[in-house]
Amino acid sequence: MKTYTISGKTYDHLPDPLYLNGAAYSPMTEARFVKLGGTITDDGEPTPKEAFLATLDTYLTALEAKMVELEIPITKSGFLTAAGSMLSTELVAWAESKHVPDELIKEVREQVLTFVADASRLGLTWSDLFPVVNG
């Protein structure tokens with residue numbers, strides 16, 4: 001996990017805006033933070049959000065493997081695009097149109113809802129998990 005220290009204050013995230021000596025700096029980047037006199041320390045451990053997103057990615061990778069096994073034409077990328085652009089009921093209809101078995105739809109829906117609830121506790125939204133893909 002990275003920590004950001006400047007002028008005796010330590011943050012667990014990159015402060016943006018950064019208030020320093022009566023001025024506000026934004027947008028803030030790590031390079032700009034260091035240039036302003038800050039130090040960044042990384043203990044090598046993921047933040048809770050990073051760990052959560054890695055768990056979600058692992059789940060979606062396993063789900064993609066299950067789709068390959070069942071010969072269903074849904075990839076992780078395809079699922080992410082669909083989830084980012086559809087409402088829940090539309091997403092279920094999309095999965096049904098791809099001939100995903102009802103039991104698997106139920107299982108995945110329950111797991112995704114669990115992920116969403118866990119994400120909410122970390123301050124993440126559906127759009128953070130499944131960004132809207134334009135084009």
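The values are calculated or read from the model by the stated rules, or taken from the named source; none is laboratory data. Predicted model only: the values in this text are computed from it and were never measured. No Cβ is skipped: glycine too gets one built from the backbone with ideal geometry, and neighbour counts run over all protein chains shown.
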Breaking point among (1) in contact with a His (Cβ under 7 Å, 6 or more places away or on another chain); (2) under 30 Å from H13 (Cβ atoms), for S120: (1)
All but one of (1) surrounded by 13 or more Cβ atoms within 10 Å (Cβ to Cβ); (2) modelled with pLDDT of 95 or more hold for K9; which doesn't? (1)
Residue hits (the range 95-116; small (G, A, S) and either surrounded by 11 or more Cβ atoms within 10 Å (Cβ to Cβ) or modelled with pLDDT under 95 (or both)) are A95
Selection count, the range 32-67, where residues are over 29 Å from A119 (Cβ atoms) and among the hydrophobic types (A, V, I, L, M, F, W, C): 2
Looking at the structure I just gave you, is L56 surrounded by 15 or more Cβ atoms within 10 Å (Cβ to Cβ) and closer than 24 Å to W126 by Cα? yes
Looking at (1) closer than 22 Å to P101 by Cα; (2) free of Cβ contacts under 8 Å to residues at least 60 places away in the same chain, can you tell me which one T10 breaks? (1)
Of the residues that make up the range 86-93, is at least one modelled with pLDDT under 90, of a type in the set (G, A, S), surrounded by 13 or more Cβ atoms within 10 Å (Cβ to Cβ) and in a helix (DSSP H, G or I)? yes
Of the residues E71, E64, E103, which single one is part of a loop (DSSP other than H, G, I, E, B) and either in contact with a Ser or Thr (Cβ under 7 Å, 6 or more places away or on another chain) or assigned by TED's automatic domain parsing to the domain that holds R121 (or both)? E71
Looking only at the range 68-84, filter to residues that are farther than 13 Å from K98 by Cβ and among the small types (G, A, S); which one of those is surrounded by the most Cβ atoms within 10 Å (Cβ to Cβ)? A83
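So, of the residues in the range 30-61 that are of a type in the set (V, I, T) and at pLDDT 95 or above, which turns out to be nearest to F79 (Cα to Cα)?
Ranking the qualifying residues of the range 30-61, first place goes to T61.
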Return the pair list, or none, for Cβ contacts closer than 9 Å from residues in the range 122-134 that are farther than 14 Å from S77 by Cβ and at pLDDT 90 or above to residues that are part of a loop (DSSP other than H, G, I, E, B) and small (G, A, S), at least 6 apart or on different chains. none
Given K49, K76, which one is out of contact with any Gly (no Cβ under 7 Å at 6 or more places or on another chain), farther than 30 Å from T3 by Cα and not acidic (D, E)? K76
